[in-house]
Amino acid sequence: MPFSVPPLDGITVLALEHAVAAPFASRQLADLGARVVKIERPGSGDFARGYDQTVNGMSSFFVWANRGKESLTLDLKDARAAGILRQLLGEADVFIQNLAPGAASRMGLDFDTLHAAFPKLIVCDISGYGDHGPYRDKKAYDLLIQAAAGLISVTGTPDEPSRAGISIADIAAGMYAYTGILSALLHRGRTGTGVRVEVTMLEALAEWMSYPLYFAHYGGEPPLRNGLSHPAIAPYGQYGTGDGNRVIFGLQNDREWLRFCAEVLEDAALAADARFSTNHQRVANRAALDAEIGRHLQRMTRAELVARLDRGGIANAPLNDMHEVWAHPQFAARGRWREVATPAGPVRALLPPATLGGVPARMGGVPDVGEHTAPILAALGFSGAQVEALRADGAV
């Protein structure tokens, strides 16, 4: 099948962004072929560049969320830089921002002001809580939204709640911004008019929390924290093996329990134990059940257990660490890795999860701070001397 043009080829996105939520959204657009111009502070750039130095001296967060973009540095407090942004807005299809509460409005970058000047422009605003309501001006970081949306209350062990190990509130907001922008582009294609896309981190994560919300509101009690165990099915969770590793597996019905005892544990008699004969009994006697299973598993390695589970048709996965995920054989077999250019040399990156037949993802490089400032300004008609003068004054 011949490769076709990426679906967002010809679309220009201006991203006044930092941290994770907006950069993650705009990176999805870049992967689909959009031209994404990332506006950064002169000198330091997006503060996410300084989160860590783990990827050849660069931030893991930044490398992950910013490939395929052009970096333009602008000090928007300088009238000349603000004028440059205005010029670029006149040529853009999408403007996305996740500045501090109220900052975009103070700079005249709110939807109403922009729509009056650029009626075809799609404006995407990402915030913690939205532009009205009692929490409008409250700062919002990922951990705080995990708490506010109740995720932490249902995550962890019975004794101790826990945050999710990734920036899940930022990712949720970024994904809704991405899909919202795609929807707005379709809408503009039919009406010729740009619309506002508003996404809040709280509302994005609350949508993902709908199951426990319904469960608690209509059932009276929230789901219990169970660590890696399932609250209503047993055995279902993590189990240790004799070589010190762990495997996650779960049984869905009593037929699987019989097969598990006979083929995995090689102890058919255990299936006849009245304490474990039905799922209800197994859940009621979970501690005793886990002790019996643990006793059998101590004579196996992780590889042996996984092989037996696979042969028995029992769903399972090893409890991989990050190094094992990086080396996962499924990624290699499906050809999911690509090399991406960065200022510190090439790094590997996974292809986007949604594969479009015949349309390769545009896996562009990770930009250095201000790497594209001069060519972008040159395209707007600025001479080299003018660019250098702006740079000397700290405007770009």
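Residue under question is R225, and the condition is that it be part of a helix (DSSP H, G or I) and either within 27 Å of G165 (Cβ to Cβ) or at pLDDT 95 or above (or both); does it hold? Spelling it out, it is not the case that R225 is part of a helix (DSSP H, G or I) and either within 27 Å of G165 (Cβ to Cβ) or at pLDDT 95 or above (or both).
If only one of A361, A315, A354, A341 is at negative phi, surrounded by fewer than 14 Cβ atoms within 10 Å (Cβ to Cβ) and touching a Gly at 6+ places or on another chain (Cβ under 9 Å), which one is it?
From the options A361, A315, A354, A341, the qualifying one is A315.
Inspect all residues belonging to region 173-187 and state whether any of them is outside any loop (DSSP other than H, G, I, E, B), within 26 Å of the chain's Cα centre (by Cα) and over 28 Å from F61 (Cα atoms). Yes, region 173-187 contains a residue that is outside any loop (DSSP other than H, G, I, E, B), within 26 Å of the chain's Cα centre (by Cα) and over 28 Å from F61 (Cα atoms). If the condition is being over 28 Å from R391 (Cβ atoms) and touching an Asp or Glu at 6+ places or on another chain (Cβ under 7 Å), then region 1-56 contributes I11, V20, A21, F24, G33. Within region 105-123, can you find the residues that are in contact (Cβ under 8 Å) with a residue 60 or more places away in the chain and out of contact with any Ser or Thr (no Cβ under 9 Å at 6 or more places or on another chain)? Across region 105-123, the qualifying residues are L109, F111, F118, L121, I122, V123. Scanning region 126-153 for residues that are outside any loop (DSSP other than H, G, I, E, B) and in contact with a Pro (Cβ under 8 Å, 6 or more places away or on another chain) yields S127, I152, S153. The set of residues in region 213-222 that are in a loop (DSSP other than H, G, I, E, B) and more than 9 Å from V154 (Cβ to Cβ) comprises G220, E221. Against the list (1) closer than 22 Å to A177 by Cα; (2) surrounded by fewer than 20 Cβ atoms within 10 Å (Cβ to Cβ); (3) in contact with a Phe, Trp or Tyr (Cβ under 7 Å, 6 or more places away or on another chain), the condition Y51 fails is (1). Residues that are part of a loop (DSSP other than H, G, I, E, B), without any contact (Cβ under 8 Å) to a residue 40 or more places away in the chain and not assigned by TED's automatic domain parsing to the domain that holds A262 are absent from region 361-379. Do we find a residue being within 22 Å of the chain's Cα centre (by Cα), buried (at least 17 other Cβ atoms within 10 Å of the Cβ) and either of a type outside the set (G, A, S) or modelled with pLDDT of 95 or more (or both) anywhere in region 132-139? No: region 132-139 contains no residue that is within 22 Å of the chain's Cα centre (by Cα), buried (at least 17 other Cβ atoms within 10 Å of the Cβ) and either of a type outside the set (G, A, S) or modelled with pLDDT of 95 or more (or both). Contact map, region 30-48: first residue over 14 Å from L72 (Cβ atoms), second residue crowded, with 23+ Cβ neighbours inside 10 Å and of a type in the set (S, T, Y), Cβ cut-off under 9 Å, separation 6 or more or different chains; pairs are A34/S26. Among residues belonging to region 245-296 that are in contact with a Gly (Cβ under 9 Å, 6 or more places away or on another chain) and more than 22 Å from L228 (Cα to Cα), point out the one that is surrounded by the most Cβ atoms within 10 Å (Cβ to Cβ). The qualifying residue surrounded by the most Cβ atoms within 10 Å (Cβ to Cβ) is R259.
Count of region 369-379 residues, restricted to those that are over 16 Å from A15 (Cβ atoms) and surrounded by 13 or more Cβ atoms within 10 Å (Cβ to Cβ), is 3.
The values are calculated or read from the model by the stated rules, or taken from the named source; none is laboratory data. Computed from a predicted structure; not experimentally measured. All Cβ positions, glycine included, derive from the backbone under ideal geometry; neighbour counts span all protein chains shown.
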